[in-house]
Structure formats: C-alpha cells, structure tokens
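Peer 1: Dropping the structure in here first, questions after.
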Amino acid sequence: MAFEISKRTIVAVAAVVILAGGGTYVASHFLGGKTENARGRRGAQERPVVGVIAKKEVFGDRIEAIGTLYANESVSITAKTQGIIRQVDFDDGQTFKKGDQIAAIDAGEQDAALNVELANLEQQKKELERTQSLVADKHVSQAKLDEQVALVKKAEANVAAARVRSGDRRIIAPFSGIVGTRRISVGALVSPGTVITTLDDISEVKLDFSIPETFMTSLKPGLDIEAGASAYPREMFKGRVVSVESRVDPVTRAISVRAMIPNPDLRLRPGMLMVVQLIKDQRESIMLPEIALTPENDVQYVYTVGSDSVVKRIKVVIGRRRAGGVEILEGVQEGDIVLTQGLQDLRPGSKVNLINRNELRGDAPAQANGTRPPQA
C-alpha cells in the first residue's frame, strides 16, 4: 500500500512539473516573442546613422601639371671694383631691406679723393660769390662771372664722380630679400664680378609650368591655381596665373605658364618641384562625400533625413568628381541633411537616430531669413 501511494505521489508531482514547464514555455514563447518583436521594432526605428549638411563650395574643372618655383627677384651680389674687403655686414640667411649695406671694400683712397673734390667745390662757390659782388659794382666783367659759374659746375661734376667711385666700394642690397651663404671673408681681394653672396626676394614666388596646347583656350591671366609640394604633403598653396607664353614649344607642343604664389611665411623656396592644379570654369556647387551616393541601375540616389527623423530617398544628378567628393547638380538643396553612414538596407520611411546631430547644428548654414534648417 505504501508503495502504491508513493507511486501515485511521484506521478502527480511529475504532472505538475510538466504542466508548469509547459506553461513557462508557452509564456516565454508568446510573451517573450512579443517582447522581442517590440524591441526589434524600436531598434529598427532608431538605427544609428551619420550625416552631413549639404553646402555650396567653389568648384571648377582642373588641369594638372608639374612646375618649378623661382624667386620673385633673384640676384648674385658681386663687387663692382677691385679692392680688399674691409667689412662684411651679414650672416647666412639674414633678411635685408632695400638700401642696406651688405659688405664694403676698402675705400680710403676714394673717400680722400671725395673730400678733395668737396673742398674744391666749396672754394669755387665762395669765389663765385665774390665775383658776383664785383660784377654788381662793375669792377669785373660779365665774362669773368661766366667763367666762374663754369668752374663751379665742373667742381660739382667732380664731386658727383668721386661719390660714385666711393659708393662703388659699398655693396648695397638692390631690393628686400634673404641673402644666401657667404662666399668671401674680410681681407679678401675681390675683382669686378666676384660673387659675394646671393639675394632672393621670396615673399612671393614664381611658379613656372607647361600644359598641352589643347588647353590653350582655357588659359588667361587671373585664373586660380592650387599647388602641392612633397615637403608639405597635406597642404595646398593657392596662387594666380599672371602670364602665358606667346609661343607654343614646337617640340613638346606645350605652352609655358607663370603663376604667382604668396609666401609670407617663407616656407616655399626656389627650386622646389610642385604639382599644379589649374582651376577653370569656377562655379558654386553643392558638394557631397562620394560615400553618400547609392547607385541603382545607372541612377544615383542619396538618403536625406528631416526634422521628424524620417528617411527619404532622393534621386540626384551628379557632375564632376574630385578626391572624395562629388558635385550635385540636381536633387539636393543647400542645408539638406544627407546620410553618409548606416545606409546598408536602409528603407525610405524608416526612422533613424542621427548620432552627430549636435555637430550638424554647429555647421548648419544660415538661411536667407537668418534661421537654420530644421534638424533631426
């Protein structure tokens, strides 16, 4: 009897466990599935995405060429006359202004000769004053006065010549610029043409390059250029075309172009090789990152999002491309928010979470009425 009671008890307990387990399964199957579906719908509505604001930028067609830099003004500083270097007034790489003395040749003899001529001029002027008073009193003829006037003019010419000879011993900067390395020392004997140093004005530099004759119709002074150098790989230097050669090279069938690039910080140096981009047909266009485009059957689309966080798919017409960017001709307006990340399997009408919303608010362009476009 005891065995039978125990057997019944075990069967009853097992039934309860099975029923309880089944209830749990049913609850978890229906209620849990419903919960997961709700979470899934919320997740789909709040897909994280990243966007940019469509802005207008200056855009133009570009022609690429290789060019070489030259100083705006460049000269080798040389001696004008023979003599001994008495003084050197510069260090390598020093900046000079126009008229500053760079070096001096011993000018003792020339200075002495100048003093003699100055004394003679002073004497002749005094003699002229006495002759003028004698002529006024009619004690001396007019011919004597004319003779004295000629002597004064001759003395003035002699002084001017002596000043030139003395000045030739002083080597002066003909324009403002930077000197190169020193080629002479104090006490050296120099002759006319001996190079003392170089002087370059690089506050603005010349960029000479050639382009094929097929682009001649696009060339004219005033065109903007951008140029990059290997010494500054992440920087572009802007300038303008100032002249176009009047002849085409019959061998290379190319035409030479010269541009000027401002160089206030003196980082660009003569002789540097630069890659030039000549910009023509400039215009303002909306530019977007290339990753924002979604191609479909030779048609380009972008996804935009409005203040309600709802996604729209917009057909766009694209123009020229440049590194990482594309010109938008139709479909997108300035100030629209265009999505660039999180586009995979994105559907029009979906709700998204624009995670860089605060950044876009700071970058949003002002509209004509002074307000900013609505943000997601």
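The values are calculated or read from the model by the stated rules, or taken from the named source; none is laboratory data. Keep in mind it's a predicted model, so treat the numbers as computed, not measured. For neighbour counting, all protein chains shown are included, and Cβ atoms are generated from backbone atoms with ideal geometry for every residue, glycine included.
Peer 1: Which members of the range 221-239 meet the condition of being outside any strand (DSSP E or B), in contact (Cβ under 8 Å) with a residue 24 or more places away in the chain and surrounded by fewer than 15 Cβ atoms within 10 Å (Cβ to Cβ)?
Peer 2: Here is the first cut: in the range 221-239, the residues outside any strand (DSSP E or B) are 221-223, 230-231.
This time we only want the ones that are in contact (Cβ under 8 Å) with a residue 24 or more places away in the chain, so: 223, 230-231.
Ser230, Ala231 - these are the residues of the range 221-239 that are outside any strand (DSSP E or B), in contact (Cβ under 8 Å) with a residue 24 or more places away in the chain and surrounded by fewer than 15 Cβ atoms within 10 Å (Cβ to Cβ).
Peer 1: Give me the pairs, please: first residue somewhere in the range 201-212 and of a type in the set (Gly, Ala, Ser), second residue anywhere and surrounded by fewer than 16 Cβ atoms within 10 Å (Cβ to Cβ), beta-carbon distance under 9 Å, and either six or more positions apart or on two chains.
Peer 2: Close Cβ pairs (under 9 Å, with a partner that is surrounded by fewer than 16 Cβ atoms within 10 Å (Cβ to Cβ)) amount to Ser203/Ser176; Ser203/Pro262; Ser203/Pro264; Ser203/Leu266; Ser210/Ile66; Ser210/Glu245; Ser210/Asp249; Ser210/Thr252.
Peer 1: Quick one: count up the residues across the range 270-303 that are assigned to a strand (DSSP E or B) and either among the charged types (D, E, K, R) or in contact (Cβ under 8 Å) with a residue 40 or more places away in the chain (or both). Before the answer, list the steps.
Peer 2: Within the range 270-303, the first condition is being assigned to a strand (DSSP E or B), and the residues that meet it are 273-289, 294-296, 299-303.
Now drop any that are not either among the charged types (D, E, K, R) or in contact (Cβ under 8 Å) with a residue 40 or more places away in the chain (or both), which leaves 273-289, 294, 296, 303.
Of the residues in that region, 20 qualify.
Peer 1: When the residues of the range 219-253 are filtered to those that are among the aliphatic types (A, V, I, L, M) and at pLDDT below 90, which remaining residue is farthest from Asn72 (Cα to Cα)?
Peer 2: Narrowing the range 219-253 to residues among the aliphatic types (A, V, I, L, M): 219, 223, 225, 227, 229, 231, 236, 241-242, 244, 248, 251.
Applying the additional criterion that residues be at pLDDT below 90 yields 219, 223, 225.
Numbers: Leu219: 22, Leu223: 19, Ile225: 17 Å.
For the range 219-253, the residue satisfying everything is Leu219.
Peer 1: Go through the range 304-330 and give me each residue that's part of a strand (DSSP E or B) and without any contact (Cβ under 8 Å) to a residue 24 or more places away in the chain.
Peer 2: Of everything in the range 304-330, those that are part of a strand (DSSP E or B) and without any contact (Cβ under 8 Å) to a residue 24 or more places away in the chain turn out to be Ile314, Lys315, Val316, Val317, Glu330.
Peer 1: Among (1) modelled with pLDDT of 90 or more; (2) not in a strand (DSSP E or B), there is one condition Gly67 misses while meeting the rest; what is its number?
Peer 2: Against the list (1) modelled with pLDDT of 90 or more; (2) not in a strand (DSSP E or B), Gly67 comes up short only on (2).
Peer 1: Do we have any residue at all in the range 67-80 that's out of contact with any strand residue (DSSP E or B) (no Cβ under 7 Å at 6 or more places or on another chain) and surrounded by 12 or more Cβ atoms within 10 Å (Cβ to Cβ)?
Peer 2: yes
Peer 1: Among the candidates Ser210, Ser256, Ser285, Ser203, which residue alone is polar (S, T, N, Q), at pLDDT below 90 and surrounded by 14 or more Cβ atoms within 10 Å (Cβ to Cβ)?
Peer 2: Within the list Ser210, Ser256, Ser285, Ser203, the selection yields Ser285.
Peer 1: Something else now. Any idea which of (1) closer than 30 Å to Arg170 by Cα; (2) of a type outside the set (Gly, Ala, Ser); (3) modelled with pLDDT under 50 is the one Val13 doesn't satisfy?
Peer 2: Only one criterion is unmet by Val13, namely (1).
Peer 1: Which condition does Arg267 not pass, out of (1) more than 22 Å from Gly51 (Cβ to Cβ); (2) assigned to a loop (DSSP other than H, G, I, E, B); (3) touching a residue at least 60 places away in the same chain (Cβ under 8 Å), if it passes all the others?
Peer 2: Of (1) more than 22 Å from Gly51 (Cβ to Cβ); (2) assigned to a loop (DSSP other than H, G, I, E, B); (3) touching a residue at least 60 places away in the same chain (Cβ under 8 Å), only one is false for Arg267: (3).
Peer 1: Taking the range 81-115 on its own, how many of its residues are assigned to a helix (DSSP H, G or I), surrounded by 13 or more Cβ atoms within 10 Å (Cβ to Cβ) and of a type in the set (A, V, I, L, M)?
Peer 2: Residues flagged as assigned to a helix (DSSP H, G or I), surrounded by 13 or more Cβ atoms within 10 Å (Cβ to Cβ) and of a type in the set (A, V, I, L, M) within the range 81-115 amount to 2.
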